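Scroll down for the structure; my scribbles are underneath it.
Laboratory data are not the source of any read-out in this text; all were calculated from the coordinates shown. From a predicted model like this one, the values you see are computed outputs, not experimental measurements. Quick reminder, even Gly has a Cβ in these numbers, built from the backbone with ideal geometry, and neighbours come from all protein chains shown.
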Amino acid sequence: MKDRGQGSDNRPHHRQFGFTLIEVLVSVTIFAIVMSILYSTFSTSSANAKVVEGMADDLSSLSGALDTFSHEVRGAYISPDSSMEGFSGKKDSITFTSTTPLVGDGEPTVQMVSYLFEEDRFIRRALLNGPQKEVKGEYLLLDGIKDPAFSFFDGNGWIDDWPSGKKLPSGVRVVFSHKEQKVENVIPVWSRM
């Protein structure tokens, strides 16, 4: 009669519990490969999210600067009396009186403003009325500007200089490069006094 637990070759049979060393090493290696793939996917996604966020910030800044400029050019105003200067413009700056919502409490909604390109910046200045055109406030709209230029539509074509006076151009064009992207915006002047 055979003993239980012994085979025909008289060796005891033992049940094996657990994993062999090879099985554990294979599973740890597979786990490490899967984790490295997941890490690279998430790190790439994170880097892409930062790039997209930066581009969205740049676009928002650009859009805000052009919206502010466009709104005030559309509201350009020539005073019927001679107390306020008319519209004047050069290739790198323009100055005009505008009906503007960009005022603080107690300030008039009709202001003399100047937009200019200085070094690589697009700047808005609020000016006090008077012959000295004293700066009341200066605001950086956008930086990183290259090759900027204003031009003015006189009804026949675009010109680089608009003489100071009591006449408004039909339109204002601003052209520049920002973050390696060419920007061109044409704004009609609505106030035709």
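Using a Cα-Cα cut-off of under 18 Å, which lysines could be cross-linked to K182, ignoring same-chain neighbours fewer than 8 residues away?
Partners within reach: K91, K146.
Given R₀ = 41 Å, what would the calculated FRET efficiency be for S164 paired with D57, taking r from the Cβ atoms and rounding to 0.05? Show your work: numbers first, answer last.
On the way: r = 37 Å, r/R0 = 0.91.
Between S164 and D57 the formula returns 0.65.
With r defined as the distance between the Cβ atoms of K136 and W190 and R0 fixed at 25 Å, what FRET efficiency is calculated, to the nearest 0.05?
Approximately 0.55, to the nearest 0.05.
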